[in-house]
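Structure first, then comments.
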Amino acid sequence: MENRSKSKSASADWFLSGALAAGSFLVSYVFVDIGFAFSLVICALFFVSGLFLFRLKKPGIVEQENSLAASLQEGKAKLTEIEKFRKLVGDRTTIAKVDAICVIVEKILAEIKRDPGDLKEARQFLTYYLDATSNILKKYVQLSSQNVNDAGIRLSLERTESMLDTIRAAFEKQLTRLLSNDVMDLDTELSLLEKTIKMEGLGE
């Protein structure tokens, strides 16, 4: 819906700029009689200027684009951090889980870029859950690097590995929601995931 709105707005800008350019050509060529070539140049200048001026009248568009670019950049930075910790993981099963999460994150970022209207729906994903995932992996790497045969450490690692499955499932639901533009509310699932992360002490 957001894309359709932007498309209509862009079409209107082109139409108005075209009308302005056509008017300038008519005046220059017919009434002022400065020649066909010069009239075309003036026509082109009026068209480009029209697009620029009509765009300036919509500061909200520029703000939205800046917000989108900043959010995508932040999301990619967090994904890079997750991939950095992934390289330090030794367990193949855990690596596969992290790889699956990274693929989903890439798809979510690509979908937000394709349809900026999804940014609002994915804001919590970008601001909280990517950070939580990075912190979980960081702690996993720290624990797994300790060459100590401790039951408590093993239990923490197992819980973390299970948490990665929960994160992947939540991210998949987020992606499905964005792709389908489903109005179904995922707040319940996301809130449950957040509570679980906090209860396990893995999100800080």
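The values are calculated or read from the model by the stated rules, or taken from the named source; none is laboratory data. Given the structure is predicted, the values throughout are model-derived calculations rather than measurements. Here Cβ is always computed from backbone atoms with ideal geometry, including for glycine, and neighbour counts include all displayed protein chains.
Consider Q146 carefully, then state whether it is in a loop (DSSP other than H, G, I, E, B) and modelled with pLDDT under 85.
yes
Would you please list the contacts, defined by Cβ atoms under 7 Å and residues six or more apart or on different chains, that run from a residue in the stretch 168-193 that is within 14 Å of L130 (Cα to Cα) and at pLDDT below 85 to a residue that is of a type outside the set (S, T, N, Q) and not in a helix (DSSP H, G or I)?
Q174/A122; Q174/L186
Among the residues of the stretch 65-90, write down those that are acidic (D, E) and surrounded by 13 or more Cβ atoms within 10 Å (Cβ to Cβ).
Those that are acidic (D, E) and surrounded by 13 or more Cβ atoms within 10 Å (Cβ to Cβ): E74, E81, E83.
Please find, among L143, L175, L155, the residue that is in contact with a Lys or Arg (Cβ under 6 Å, 6 or more places away or on another chain) and of a type outside the set (D, E).
Only one candidate passes the filter, namely L175.
Within the stretch 47-60, is there a residue that is at pLDDT 85 or above and part of a helix (DSSP H, G or I)?
no
Looking at the stretch 99-110, I want the residues that are in the same structural domain as G75 (by TED's automatic domain parsing) and at pLDDT 90 or above and have a partner that is of a type in the set (F, W, Y) and in a helix (DSSP H, G or I) with Cβ atoms under 8 Å, at least 6 apart or on another chain. Which pairs are those?
Note: pairs meeting the criteria are I101/F171; I104/F171; V105/F171.
In the stretch 99-137, what count of residues is obtained for those that are charged (D, E, K, R) and in contact with a Leu (Cβ under 9 Å, 6 or more places away or on another chain)?
7
Would you confirm, using the coordinates I've provided, whether I112 is touching a Phe, Trp or Tyr at 6+ places or on another chain (Cβ under 7 Å), assigned to a helix (DSSP H, G or I) and under 12 Å from L72 (Cβ atoms)?
no
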